[in-house]
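Here the structure comes first, spelled out in structure tokens, and everything after it is commentary.
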Amino acid sequence: MSMNSFGHLFRVTTWGESHGPALGATVDGCPPNVPVDEAMLQQWLDKRKPGQNKFTTQRQEPDAVEILSGVFEGKTTGTPVQLMIRNTDQRSKDYGEISQSFRPGHADYTYFTKYGNRDYRGGGRSSARETAARVAAGGLARAAIAELVAGVEIKGYMVQMGDRKINREAMDMAEIERNPFWVPDAAAAEAWAAYLDGLRKSHNSVGAIIEVVAKGVPAGLGAPVYAKLDTDIAAAMMSINAVKAVEIGAGMSAAMLTGVENADEMRMGENGVEFGSNHAGGILGGISTGQEIVCRFAVKPTSSILTPRKTVTKDGQEIELITKGRHDPCVGIRAVPVGEAMMACVILDHLLLQRGQVGENQGKIGR
């Protein structure tokens, strides 16, 4: 199987399966002398790990990350960093009944048609469990970004569950850490809890929309054609399991705006160029503007539900199938830290590309 890596200079290769002994990431291109240890990475993995409340899968995994190489005396050495997370709570027997059939909405069918085999235990390589390795790599990326550019902040949160949206007028970022949905709206979090609990009890699931914002990213990152910053961000988010759509800034809504409404006007401020709005999501022509980079992605409903669904078996029989096991009623919840990690990896990658190509030779305006 090929294509398990992403990134240009900061390159991440993930490995492992949902029910294998372990999974992890090999990270190449991380700058040397970045302070990092397992506890620093663990704080991000703890946000993603399963079993933290009734709204996520009850699989009990500590998701404890181990650094096997590339770090010496608390700092990166400039060599590949090997990160490993051991699986400890696999229940492969839960998947025995689907060994000869394809779960609707899952990658079972497409994986089998491509490779002629599949690891049916939790989806194997196509399982969302793979994203734990991305979060570990993202933690390393955050640490490196902090060494290169001060003040960069990456924050993700849920803005919609099913057809229920947050009230943007009532957004409070302090609320994100106070509820199980990573929602910056206390009233929405309370209402969504009852809504999702009802879906869970009725053996159903629902999708979600996640917003990820990167603040403090300098202007000039990216390129005008094939290494556009928004291209790489979109590809990174689209690669997350169950993601079906990605937008930057106004995104699809830009099609409903006029040119007068959409253009982000500029004026000179005390610290340089200032924008009157941010419909572009902090990226113009594939290059960062210095504004907040705003990305949203849509996650489909969890396909593993206890409601019978029509499908077929490997020998062509038509059956009805109930997917057993421990699953999230809304996979969008645990996608929040994954989206943050992917944003961090892309931002670091482009910081390194910028440093390698132009260094400090950037255009200056008004001085």
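The values are calculated or read from the model by the stated rules, or taken from the named source; none is laboratory data. Everything numeric in this text was worked out from a predicted model, so none of it was measured. Don't worry about glycine lacking a Cβ; one is built from the backbone with ideal geometry, like all the others, and counts go over all protein chains shown. Heads up: the accessible areas ignore ligands, DNA and RNA and are worked out on the full protein's heavy atoms, side chains in. Shrake-Rupley method; radii C 1.70, N 1.55, O 1.52, S 1.80 Å.
Compute the normalised compactness of the chain: alpha-carbon radius of gyration over 2.2 N^0.38 Å, N being the residue count.
It is 1.03.
What ranking do 252-259, 159-166 get when scored by the average of other Cβ atoms within 10 Å per residue, highest first?
Peptide ranking by packing, descending: 159-166, 252-259.
How do 64-75, 126-137 rank on mean C-beta neighbours within 10 Å, highest first?
126-137, 64-75
How many percent of the accessible area of segment 301-360 is carbon or sulfur, using a 1.4 Å probe?
48 percent
Out of all Cα-Cα pairs in segment 134-186, roughly what percent, to the nearest whole number, are more than 16 Å apart?
54 percent
Where does each of 100-109, 169-178, 30-39 land if you order them by average Cβ count within 10 Å, highest first?
Top of the packing list down: 100-109, 30-39, 169-178.
Quick one: which residues, 5+ away or cross-chain, put their amide H under 5 Å from the amide H of Ile283? H built at 1.01 Å from N.
Thr289
Could you sort Thr311, Thr77 by accessible area so the largest value comes first, with the probe set to 1.4 Å?
Output order, biggest surface exposure first: Thr77, Thr311.
Tell me, what is the per residue accessible area of segment 166-257 in Å², probe radius 1.4 Å?
Per residue, segment 166-257 has 48 Å² of solvent-accessible surface.
Between beta-carbons, use under 10 Å as the cut-off and find the net charge around Gly285, counting Lys and Arg +1, Asp and Glu -1.
Neighbour charge sum, excluding Gly285 itself: 0.
Write down the Kirkwood hydrodynamic radius of segment 97-159, to one decimal in angstroms, obtained as one divided by the mean of 1/r over all alpha carbon pairs.
Value: 14.7 Å, from the Cα pair sum.
Add +1 for every Lys or Arg and -1 for every Asp or Glu among the other residues with Cβ under 14 Å from the Cβ of Arg118, and state the total.
Once positives and negatives cancel, what remains is +2.
Once the convex hull of the C-alpha atoms of segment 205-328 is built, how many Å³ does it hold per residue, rounded to a whole number?
Given the Cα convex hull of segment 205-328, per-residue volume reads 161 Å³.
Could you pull out the pairs from Lys75/Lys300; Lys215/Lys324; Lys155/Lys310; Lys47/Lys228 whose alpha carbons sit more than 31 Å apart here?
Lys75/Lys300; Lys215/Lys324; Lys155/Lys310
State in Å² the accessible area per residue of segment 299-362; use a 1.4 Å probe, count heavy atoms of protein chains only, and round to the nearest integer.
44 Å²
Counting only other residues whose beta carbon sits under 9 Å from that of Lys310, what net charge do I get with K and R as +1, D and E as -1?
The answer is -1.
When the helices in the chain are scored as -39500 (n - 2.57) per DSSP H run of 4 or longer and the sum is shared across all residues, what 222 nm value do you end up with, to the nearest 500 deg cm²/dmol?
Rounded to the nearest 500, it is -8000 deg cm²/dmol.
Helices from the chain with mean Kyte-Doolittle at least 0.5 and a Cα length along the axis of 30 Å or more, per DSSP H: which?
Flagged H segments are 332-357.
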